[in-house]
1. Of all the residues that make up the range 257-273, how many are more than 14 Å from residue 327 (Cα to Cα), in contact (Cβ under 8 Å) with a residue 40 or more places away in the chain and either assigned to a strand (DSSP E or B) or in contact with a Lys or Arg (Cβ under 9 Å, 6 or more places away or on another chain) (or both)?
2. Condition check: touching a residue at least 12 places away in the same chain (Cβ under 8 Å) and under 25 Å from residue 274 (Cα atoms). Does residue 380 satisfy that?
3. When only residues in the range 195-240 that are crowded, with 17+ Cβ neighbours inside 10 Å and among the polar types (S, T, N, Q) count, which is farthest from residue 81 (Cα to Cα)?
4. Could you check the range 86-108 and list, in sequence order, the residues that are part of a strand (DSSP E or B) and under 22 Å from residue 399 (Cα atoms)?
5. Looking at 210, 230 in this structure, which one is part of a loop (DSSP other than H, G, I, E, B), touching a strand residue (DSSP E or B) at 6+ places or on another chain (Cβ under 9 Å) and of a type in the set (Phe, Trp, Tyr)?
6. Is one or more of the residues making up the range 20-38 buried (at least 16 other Cβ atoms within 10 Å of the Cβ), at pLDDT 95 or above and assigned to a strand (DSSP E or B)?
Amino acid sequence: MSHNMRFFQSNFLLGFTATSLAIGLTGCGSSSDDTSNDGYVKFYNGSENAPAIHLIVDEDLETSEDDEIEVTFGGVAYGQALGNSQLENNDYFYELAWQDDDSTSRDELEVIYQGDVKVIDDTIHMIAMKGDISAPEVLEFDIPIIDEDDDDTYDRFNFRFLNLHPNNESFDVYVSEDDETFNEAELLSSVAPEVLTDNIKRDQGSYIFYITASGSDEVLYQSNSIDFFYTSQYVMVVRKNDGAGTSPYIIDQLTNSSTYTHIDSDAEAQFNVYNALITHELQPIYTGRFDLHIGAVDDTPEVNNLDFGASSDTIPMASGDYAVTIMDNTTQQPLMTNHLLTLPENSNKTVFFYADIVDVDEDGDGNVDEDGDGIVDKQEYHVHSKVVSNSVSESIYHHNLALVNLVDSDDFNSVTYYFVRSDETIDTAYYKRTLGFTEDKTLTLSNNTYEVYAVAEDNGSEIILDSLTLTLDESFDDAFIVVEKEATSATGYKITLFDQSAL
């Protein structure tokens, strides 16, 4: 192994490990042919208000000049894990850090924890973080690698449960085959807080897991069927449910290289509604406010009298597929009927209703100006719906913004959002996103103050449609930023900022 070798991996993709010939980091296997004196490190981010966390492994934190191994793994989001990463048996230091600036360079990372790790032959050293990111709790476990090659049937798999739920209470875990119910389920283990259970072996197949309070037979969580078709070993991490469902639990299944999240099979969903429907002479029955009905139209709409530019309260629903109709609140005439709204388990969504003005080609010849007078012969007012998933992140240092463009214009095809810090201009802004009509994109920003501009290009000229000042701090809730038409504004457009629906 060569000396003076530093290794840095940016933009790390979850489910893969950093690799280098100099330090030999690879995914973990279980082949009996592996005779190298190597072990593995693994990191799981279970801190619910944490940003993506980087794991840094180093032989010497004080100097890097003679280090054979110095590796920085890319950010691991909450509820995700780093793949098993191979290291030579040795004693190492490690750091946990988050990205506080634009750069992912190790020198620019904000270190929140330092520790040491002894890498042991054929052992996974798992580092798990939980609790408040401002004072995180870090747990470490040594997990022997189990080799099933001596099993002639190759029909077993291995797993352990780890309780990282913030309520710090024990629970019982049951399992049944996928064609059975809780009545047939077998008690696997009682799992105390912050405890990794002993290894459990099962025949390969498909299983359903259940969680109850200790000593209780009331099911608080039931997974969908989970397939285990390989002679692998897994860690099943139980954490807080951050979705819309009432079950308190979620299970993250950690494999050698990936993380799979399993929600409660009966989890509810929720949604809210945003009214972006402009009034227009082509739609005289619309007066600027609407009611929303799920299924049949009756006297009790799910959303009542929602004004233009307003967001409704959150509406809880069973997961499923629904037909949505919106009616003008005053005329009680339908503006849109039977649009599909799909709400998966545990989902949290916002439904935007907007309109565009469509040129009509009545005879289908591709010409919308038959008399050649330069004016479109006929136009129609069409209502559309757009469903966007809401953020459930609780990070206090980084925040997710959902950007939406609801401007339908003949003068420009897209709008660019610029997020300008105090030492930048629009031309030099590092953070920007361009969106076509009806597009949405997500942008993650660190705490700071930004001047936000919505800019369009019309015949080579850049036009500021609207702007606002945005201050992100630890109390900021993830938000939508929507650009839309506004007849009363100086430019005819406005930026609207509102919270993504809180759980």
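1. 7
2. Here the answer is yes, as residue 380 does meet what is asked.
3. 212
4. The initial filter retains those residues of the range 86-108 that are part of a strand (DSSP E or B), namely 86-88, 90-99.
Matches in the range 86-108: 96, 97, 98, 99.
5. 230
6. Checking the range 20-38: not a single residue is buried (at least 16 other Cβ atoms within 10 Å of the Cβ), at pLDDT 95 or above and assigned to a strand (DSSP E or B).
Listed here are the residues, each with its yes/no results for (1) open to solvent by 10 Å² or more (accessible area, probe 1.4 Å); (2) at pLDDT below 95; (3) in contact with a His (Cβ under 8 Å, 6 or more places away or on another chain); (4) not in a strand (DSSP E or B).
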| site | (1), (2), (3), (4) |
| --- | --- |
| 290 | no, no, no, no |
| 305 | yes, no, no, no |
| 321 | yes, no, no, no |
| 354 | yes, no, yes, no |
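Results for (1) at pLDDT 95 or above; (2) closer than 24 Å to residue 77 by Cβ; (3) of a type in the set (Asp, Glu), shown as yes or no for each residue.
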| position | (1), (2), (3) |
| --- | --- |
| 437 | yes, no, no |
| 441 | yes, yes, no |
| 484 | yes, no, yes |
| 497 | yes, no, no |
| 502 | no, yes, no |
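The values are calculated or read from the model by the stated rules, or taken from the named source; none is laboratory data. Here the structure is a predicted model, which is why all the values come from computation and not from measurement. For neighbour counting, all protein chains shown are included, and Cβ atoms are generated from backbone atoms with ideal geometry for every residue, glycine included. Ligands, DNA and RNA are stripped out before the accessible areas are found, and what is left, the full protein with its side chains, is counted by its heavy atoms. Shrake-Rupley method; radii C 1.70, N 1.55, O 1.52, S 1.80 Å.
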